[in-house]
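Novice: For reference, the structure I am asking about is given below.
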Amino acid sequence: MNRHLISAGDLTRDDALLILDTAEELARVSERSIKKLPTLRGRTVVNLFFEDSTRTRISFEAAAKRLSADVINFSAKGSSVSKGESLKDTALTLEAMGADAVVIRHGSSGAPHRLANWVHGSVVNAGDGTHEHPTQALLDAFSMRRRLGSLDGRRITIVGDVLHSRVARSNVLLLHTLGAEVTLVAPPTLLPVSVDTWPCAVSYDLDGVLPKSDAVMMLRVQKERMNAAYFPSEREYSRRYGLDRDRFAKLPEEAIVMHPGPMNRGMEIAAEVADSPRSTIVEQVANGVTIRMAVLYLLLGGEIA
Ligand code: CP
């Protein structure tokens with residue numbers, strides 16, 4: 001494994017399988033009455049969040065604490081960033097406090113890559129702009145593997161706002177590495193120009209793709225990143241690309257429904273579909289803690305007790 005986790009594309013198949021297998025082992029530990037391991041005692045993990053987060057921030061904190069690391073949570077709101085302090089100076093200040101790993105979420109694509117040049121510890125990308133979110137892709141792969149078994153040859157459909165989605169890019173890269181066949185379905189306006197170079201297929205026909213899918217992952221429509229009209233109306237988007245009850249019925253019986261969260265219920269996914277037993281949305285959140293434990297454990301070189 002590299003010292004940093006910046007892109008899902010940096011992971012070899014062996015790296016990815018090592019993380020997933022380590023997470024399986026740690027999940028078994030998490031079933032014990034005492035969940036805490038002494039593995040990272042004396043190590044410090046800094047969570048550096050310049051953008052809002054619920055799942056990622058809390059699960060990295062929970063993961064580090066379960067491994068007995070000291071955790072420093074930094075949120076740009078209320079910090080000296082509002083006085084104009086740069087990312088580099090913020091990072092060097094936190095490193096001076098003894099960070100062994102820095103987990104960063106930032107609105108600018110490439111910020112974790114820059115950070116990795118400035119600090120001595122490991123850098124983990126917790127979401128950078130519209131670029132990547134590798135631990136989300138790992139927890140998604142872990143969730144799929146637990147429900148479907150091996151991902152080799154599995155057909156995974158990712159639907160919605162691919163243009164603004166760091167989750168989609170990381171998932172396409174990782175799922176391809178793990179042998180799955182990925183199809184993106186989106187309005188043409190919500191696909192990046194470079195999608196032709198991604199290792200996946202593209203379709204505009206959701207109803208045609210669903211019956212051939214082992215898993216369908218719905219993406220949030222990221223209204224906060226939209227500075228133009230990408231579709232005529234929310235109603236029209238939902239009618240063409242939303243997963244409602246009728247579309248859900250087109251999936252094979254064993255297929256699962258995923259969403260990285262947060263969801264726009266009633267827009268990209270109907271509430272009854274999100275809450276169905278074939279939805280893994282809550283499992284994905286729980287698996288996020290386990291995967292992030294595995295990543296911190298492997299990057300910081302702990303040993304499972
Ligand atoms: N999926 C995800 O990254 O959620 P948060 O923005 O709540 O961390």
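Novice: How would Phe60, Phe231 rank on accessible area, largest to smallest, probe 1.4 Å?
Specialist: Correct descending sequence by accessible area is Phe231, Phe60.
Novice: Per residue, how large is the accessible surface of the range 134-280? Use a 1.4 angstrom probe and give square angstrom.
Specialist: Each residue of the range 134-280 exposes 42 Å² on average to a 1.4 Å probe.
Novice: Quick one: with all protein chains in place, what share of the accessible area of the chain is carbon or sulfur, to the nearest percent (1.4 Å probe)?
Specialist: 49
Novice: Between Met226 and Arg147, what is the label-to-label distance in nm when each label sits 7 Å out along the Cα-to-Cβ direction?
Specialist: Output for this residue pair reads 2.6 nm.
Novice: If you rank His113, His120, His106 by how much accessible surface each has, with a 1.4 Å probe, what is the order from largest down?
Specialist: From most exposed to least exposed: His120, His113, His106.
Novice: What is the distance, in nm, between label points placed 7 Å from the Cα along the Cα-to-Cβ direction at Arg41 and at Lys212?
Specialist: About 5.5 nm separates the two model spin labels.
Novice: Continuing with this model, one more query. Subtracting the Cα-Cα distance from 0.36 nm times the residue separation, let me have the gained length for Thr54 to Asp14 in nm, one decimal.
Specialist: 11.4 nm
Novice: What lysines could a cross-link reach from Lys77, if we take a straight Cα to Cα line under 29 Å and drop same-chain neighbours fewer than 8 places away?
Specialist: Straight-distance partners of Lys77: Lys65, Lys88, Lys223.
Novice: Fully extended, how many nm does the chain gain between Ser79 and Ser194 (0.36 nm per residue separation, minus their Cα-Cα distance)?
Specialist: Result: 37.8 nm gained on full extension.
Novice: Apply 1/(1 + (r/R0)^6) to the Cβ-Cβ distance of Ala249 and Met1, taking R0 = 30 Å, and write down the FRET efficiency to the nearest 0.05.
Specialist: After rounding to 0.05, the efficiency reads 0.10.
Novice: Per-residue accessible area for Phe50 at 1.4 Å probe radius, Å² rounded to 10?
Specialist: About 50 Å², ignoring ligands and nucleic acids.
Novice: Taking Cα centroids, how far is the range 20-89 from the range 105-150 in Å?
Specialist: So the two Cα centres are separated by 13 Å.
Novice: What order do Glu95, Glu224, Glu85, Glu132 take when sorted by accessible area (1.4 Å probe), most exposed first?
Specialist: Largest accessible area first, the list is Glu224, Glu85, Glu95, Glu132.
Novice: Per residue, what accessible area does the range 1-94 have, given a 1.4 Å probe and all protein chains present, in Å²?
Specialist: Heavy-atom SASA per residue in the range 1-94 reads 52 Å².
Novice: Could I ask something else about it? Between Thr93 and Arg265, take the C-beta separation as r, use R0 = 35 Å, and let me know the FRET efficiency to the nearest 0.05.
Specialist: Step by step, r from the Cβ atoms, then E = 0.30.
Novice: Calculate the dipole size of the range 134-280 relative to its Cα centre from +1 charges on Lys and Arg beta carbons and -1 charges on Asp and Glu beta carbons; express the result in debye to the nearest 20.
Specialist: It comes to approximately 220 debye.
Novice: Here's a follow-up. Report, in order of residue number, the helices in the chain meeting two criteria: a C-alpha extent of 15 Å or more along the helix axis, and a mean Kyte-Doolittle hydropathy of at least -0.5; treat each whole DSSP H run as one helix.
Specialist: Counting only whole DSSP H runs, the qualifying helices are 13-30, 134-148, 166-177, 281-299.
Novice: Then there is this: Would you mind checking the range 245-263 for residues with the amide N under 12 Å from a putative spin-label position 7 Å along Cα→C-beta of Glu236?
Specialist: It comes to no residues whatsoever.
Novice: How far apart, in nanometres, would the label points at Ser108 and Arg278 be if each is projected 7 angstrom from Cα along the Cα-to-Cβ direction?
Specialist: The modelled label-to-label distance comes out at 4.4 nm.
Novice: How high is the relative contact order of the range 124-201, given as a whole-number percent (alpha carbon pairs under 8 Å, six or more residues apart)?
Specialist: Taking the mean separation of contacting Cα pairs over the length of the range 124-201, I get 32 percent.
The values are calculated or read from the model by the stated rules, or taken from the named source; none is laboratory data. As the structure is a prediction and not an experimental result, all values here were calculated from the model. Positions of Cβ are generated from backbone atoms using ideal geometry, with glycine treated the same way; all protein chains shown enter the neighbour counts. All accessible areas refer to the heavy atoms of the entire protein, side chains included, with ligands and DNA or RNA removed. Shrake-Rupley method; radii C 1.70, N 1.55, O 1.52, S 1.80 Å.
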